[in-house]
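Q: To start, I am sharing the structure in question, which I have written as structure tokens.
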Amino acid sequence: MTTENSFKLTYATMFNPPEELHQRFDEALAKLKANLGKEHAMIINGKEVFSAKKIENRFPANTDVLLGIFQKGTASDAAAALAAARKAFPAWSHTPWQERVALIRKAAAIMDERIYEIGAVMAMEVGKNRMEALGDAAETAALFRYACTRMEDNNGFVAELGKDPLVGFVSENTSVLRPYGVWLVISPFNFPAALSGGPAASALVAGNTIVLKPATDTPWTSRLISECLRDAGVPAGVFNYVTGSGSVIGQALIDSPEVDGVTFTGSFDVGMKIHRDFGSGRYVRPTILELGGKNPVIVSRHADIETAATGIVRSAFGLQGQKCSAASRVYAEAPIYDALVARVVEMTEKLKIGDPTDRSVTLGPVVNKSSYKDYQTFAAELHSAGKVLTGGKILTGGEYDKGYFCAPTVAELPFTHPLWKQEMFVPITTVGKVHSLDEAMKLANDVDYGLTSGFYGSDEETNWFFDKIEAGVNYSNRSQGATTGAWPGFQPFGGWKGSGSTGKNAGGLHYLQLYMHEQIYTRVRKA
Ligand code: NDP
């Protein structure tokens, strides 16, 4: 997204946007508020499909506000969507890749035009602040374009290979990457645009047809992304959008032999279940899993404290700590520990918490009742097993009584406590004092996750940090976010260990290839 004064929105530039951006967001929000409470269908084979049971989509900052009514799809909707995608596959996969790229680029252009509308819906649906919401929408368009560029840069992944050393014959050898077939995309609530749209665009550019199932909490944003595909002219059946609970329609999709590959982004436990269930089919199928994180920040005695504290607070509490990349644990060396923690606490206490659509608000509510309860359970545990330095309680009174508001929490906890290793996914971060960087690194790597990390210290220490840390996306001395704020093409995003299955990061050089299998052609002629 670029505005008239050529401000380019990314997660690293979003902190001080031009006025125009706020005005346009406010206009879109006003329009949205006049259109709440309507019913929205699934899209299967290009048709609007309704189901008998419904999902109420509510504003987590004020649960009296009904955003819209969505469909609680069933196993038969899953089957219909897969059948439509199967039927559409031959024509779509044989559409020249240049035409597929043109359609996906057109969808990205439509998304740009609708960015404020998509951002406003997302802010209300997820409870994200407006800049986080616009960032997610802008990132989605960037992911669409990135997939296109990768296809173009690689000439559609058709490559001539060397000729065999035959005598009397010539053998021409060609490598092509071809789509698998029907691709399933299951996305989480926290980035409902980018994590639906990014995998969807890659699958489509590659020539697969798709079925998309977003999270129950956030069906609307994904519907708007699907509409961009529809309005760009992506043919009926090539993409299908279904809604409903993970355990019903999601499980039916995972259990179907009609799925040729899946991209699941979500929690570790659900991802591992999907891995097992999908792996129990007749043969092995590609399974892209992008799972949770428990992202460490290491702060050296040589760090600039202001930079470190700014980056930590942004990454611990952006989107209420509900980012897979959230900075959820901080290890600081003893000489700067007290000063750093004091500054982190001070900055945390200044964060404005409230209606996420309000331009002055940084933290909205957590997404739903279950996250609200999780927060209270974790806070109680921190009060009894550790020391809460700030936060540690839900917020009540006035507008807070209508939604799921939690105070951003910084707490000390003994390193032996299990919460140092568990993804909490609420606005809580734990801090601990270490006596050497080696001790910090040992603790940082001693978890099953390996998604993102952050470091503050000298250049030389940074080289050591990058070499030793076991995570997919790593930052040094970044005030824009210690562990968060990746952008396609700049910080391709993916995890090691329990955080991801492929080792190839989304929005990066090696990602699009995951959606295609290689085929080799050897054509022999007499010399
Ligand atoms: P969940 O794992 O709860 O849900 C993710 C998706 O899976 C939802 O659409 C959900 O549907 C669906 N689902 C649930 N059960 C099944 C099932 N049995 N079969 C098929 N689908 C199912 O994650 P959240 O939405 O709560 O998202 C938060 C998690 O996502 C965190 O762990 C976070 O770290 C991770 N994440 C990882 C990212 C990465 O890139 N590595 C990025 C963003 C988030 P329903 O909503 O209906 O339950």
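The values are calculated or read from the model by the stated rules, or taken from the named source; none is laboratory data. These numbers were taken from a predicted model, which means no experiment stands behind them. Don't worry about glycine lacking a Cβ; one is built from the backbone with ideal geometry, like all the others, and counts go over all protein chains shown. For accessibility, only protein heavy atoms count, side chains too; no ligands or nucleic acids. Shrake-Rupley method; radii C 1.70, N 1.55, O 1.52, S 1.80 Å.
Q: Nearest 10 degrees is fine. How inclined is helix 369-385 to the longest principal axis of the chain, computing both from alpha carbons?
A: 40 degrees
Q: If you don't mind, there's one more thing I want to ask. Give me the percent of DSSP beta bridges within the chain that run antiparallel, rounded to the nearest 5.
A: Among the beta bridges of the chain, antiparallel pairing accounts for roughly 45 percent.
Q: Could you pull out every residue, at least 5 positions away or on a different chain, whose amide H is within less than 5 Å of the one on ALA506? Hs are placed 1.01 Å off N in the peptide plane, and Pro or chain starts have none.
A: Result for ALA506 returns PHE493, GLY494.
Q: Across the Cα atoms of the range 210-327, what radius of gyration and what greatest pairwise Cα-Cα distance (Dmax) are found, in Å?
A: According to the Cα coordinates of the range 210-327, Rg and Dmax are 18.9, 58 Å.
Q: While we're on this one: Convert 25 °C to kelvin, take the viscosity as 0.890 mPa s, use the Kirkwood radius over C-alpha pairs of the range 127-167 as Rh, and evaluate the Stokes-Einstein diffusion coefficient in µm²/s, rounded to a whole number.
A: My calculation gives 183 µm²/s for D.
Q: Same structure, new question: What's the center-to-center distance, using Cα atoms, between the range 470-527 and the range 179-226 in Å?
A: Each part's Cα centre sits 18 Å from the other's.
Q: Among the trypsin sites (Lys or Arg not before Pro) in the range 375-407, which ones are in a DSSP loop with at most 16 other Cβ atoms within 10 Å of the Cβ? Mind listing them?
A: Answer in residue order: LYS393.
Q: Another question about this same structure. For the range 462-527, what is the convex hull volume of the alpha-carbon atoms per residue, in Å³?
A: Once divided by residue count, the hull of the range 462-527 is 156 Å³.
Q: Summarise the accessible area of the chain (1.4 Å probe, protein heavy atoms) by the percent that is carbon and sulfur.
A: 53 percent
Q: Ratio of alpha-carbon Rg to the 2.2 N^0.38 Å globular estimate for the range 391-512, to two decimals, please.
A: Values: Rg = 16.8 Å, N = 122, 2.2 N^0.38 = 13.7 Å.
Compactness ratio reported: 1.23.
Q: Which whole-number percentage describes the relative contact order of the range 133-275, with Cα contacts under 8 Å and a sequence gap of 6 or more?
A: Once divided by the residue count of the range 133-275, the mean separation gives 25 percent.
Q: If amide H atoms are built 1.01 Å from N in the plane of the peptide, which residues on other chains or at least 5 residues away come under 5 Å of the amide H of ILE210?
A: Excluding prolines and chain starts, which carry no amide H, the hits are TRP183, PHE239, ASN240.
Q: Sequence neighbours fewer than 8 away in the same chain don't count; with that in mind, list the aspartates and glutamates whose C-alpha is under 20 Å from LYS163.
A: Once the sequence-local aspartates and glutamates are set aside, what remains near LYS163 is GLU172, GLU518.
Q: Considering every pair of different Cα atoms, what Kirkwood radius, in Å, is found for the chain?
A: Values: mean 1/r = 0.0421 Å⁻¹.
After inverting the mean inverse Cα-Cα distance, the result is 23.7 Å.
Q: To continue, here is another question. Just how far, in whole angstrom, is the range 350-365 from the range 102-135 if you go by their alpha carbon centroids?
A: 19 Å
Q: Treating each Cα of the range 156-202 as an identical point scatterer and ignoring solvent, apply the Debye formula and state log10 I(q)/I(0) at q = 0.22 Å⁻¹.
A: Log-scaled intensity ratios, in q order: -0.83.
Q: Across the range 365-449, how large is the tail of the calculated P(r) beyond 20 Å, expressed as a percent of all Cα pairs? Working shown, then result.
A: On the way: 1378 of 3570 pairs.
Summing the P(r) of the range 365-449 above 20 Å gives 39 percent of all pairs.
Q: Any chance you could give the angle, 0 to 90 degrees and rounded to 10, that helix 130-153 forms with the longest Cα principal axis of the chain?
A: Taking the Cα atoms of the chain, the angle to 130-153 is about 30 degrees.
Q: Among 412-422, 30-40, 202-212, how do they line up from the highest to the lowest mean number of other beta-carbon atoms within 10 Å?
A: Numbers: 412-422: 14.5, 30-40: 12.5, 202-212: 28.3.
Final packing ranking: 202-212, 412-422, 30-40.
Q: If you don't mind, there's one more thing I want to ask. For GLY73, what residues show an amide H to amide H distance below 5 Å, using hydrogens built from the backbone and excluding near sequence neighbours?
A: THR243, GLY244, SER245
Q: Alpha carbon centre of the range 293-319 versus the range 54-82: separation in Å?
A: Using only Cα atoms, the two centres lie 37 Å from each other.
Q: Roughly what % antiparallel, to the nearest 5, for the DSSP beta bridges in the range 28-76?
A: On the way: 9 of 11 bridges.
Given both bridge residues lie in the range 28-76, the antiparallel proportion sits at roughly 80 percent.
Q: Provide Rg over Rh for the range 1-131; use the alpha carbon set for both Rg and the Kirkwood Rh (inverse mean inverse pair distance).
A: 1.04
Q: In whole Hz, with x marking every Gly and Pro, tabulate ³J(HN,Hα) for the range 488-501 from phi via Karplus 6.51 cos²θ - 1.76 cosθ + 1.60, θ = phi - 60°.
A: x, x, 9, 10, x, 10, x, x, 9, 6, x, 8, x, 9
Q: Evaluate the Debye formula for the range 65-215 with equal point scatterers sitting on the alpha carbons, no solvent, and hand back log10 of I(q)/I(0) at q = 0.10, 0.16, 0.20 Å⁻¹, in q order, two decimals.
A: -0.46, -0.96, -1.25
Q: Okay, next question. Based on the Cα coordinates of the range 163-263, what is the per residue volume of their convex hull in Å³? Walk me through the numbers on the way to the answer.
A: Working: hull volume 13.4 nm³, N = 101.
Cα convex hull per residue, to the nearest whole number: 133 Å³.
Q: Before I look further, what does the range 420-491 give for accessible area per residue, probe 1.4 Å, in whole square angstrom? Display every interim value, and only then the final one.
A: Details: 2810 Å² over 72 residues.
Computed with neighbouring chains in place, this is 39 Å² per residue.
Q: Karplus couplings for the range 348-355 from phi (6.51 cos²θ - 1.76 cosθ + 1.60, θ = phi - 60°), rounded to Hz, Gly and Pro as x?
A: The phi angles translate into 4, 6, 8, 5, 8, 10, x, 5 Hz.
Q: Tell me, what ³J(HN,Hα) does each residue in the range 230-242 have, in order and in whole Hz, if you take phi through Karplus 6.51 cos²θ - 1.76 cosθ + 1.60 with θ = phi - 60° and put x for Gly and Pro?
A: Working through the residues one at a time gives 4, 6, 7, x, 5, x, 3, x, 5, 10, 9, 10, 10 Hz.
Q: Rounded to a whole number of µm²/s, how large is the Stokes-Einstein D of the range 28-87 at 25 °C and 0.890 mPa s, given Rh as the Kirkwood radius over C-alpha pairs? Before the final figure, lay out the partial values.
A: Details: Rh = 13.0 Å.
Roughly 188 µm²/s, to the nearest whole number.
Q: So what's the projected area for the range 19-61, the Cα convex hull averaged over all directions, in nm²?
A: Working: hull surface 19.6 nm².
Computed as one quarter of the Cα hull surface, the answer is 4.9 nm².
Q: What fraction of the DSSP beta bridges in the range 328-453 is antiparallel, stated in percent and rounded to the nearest 5?
A: Restricted to the range 328-453, the bridges split so that about 30 percent are antiparallel.
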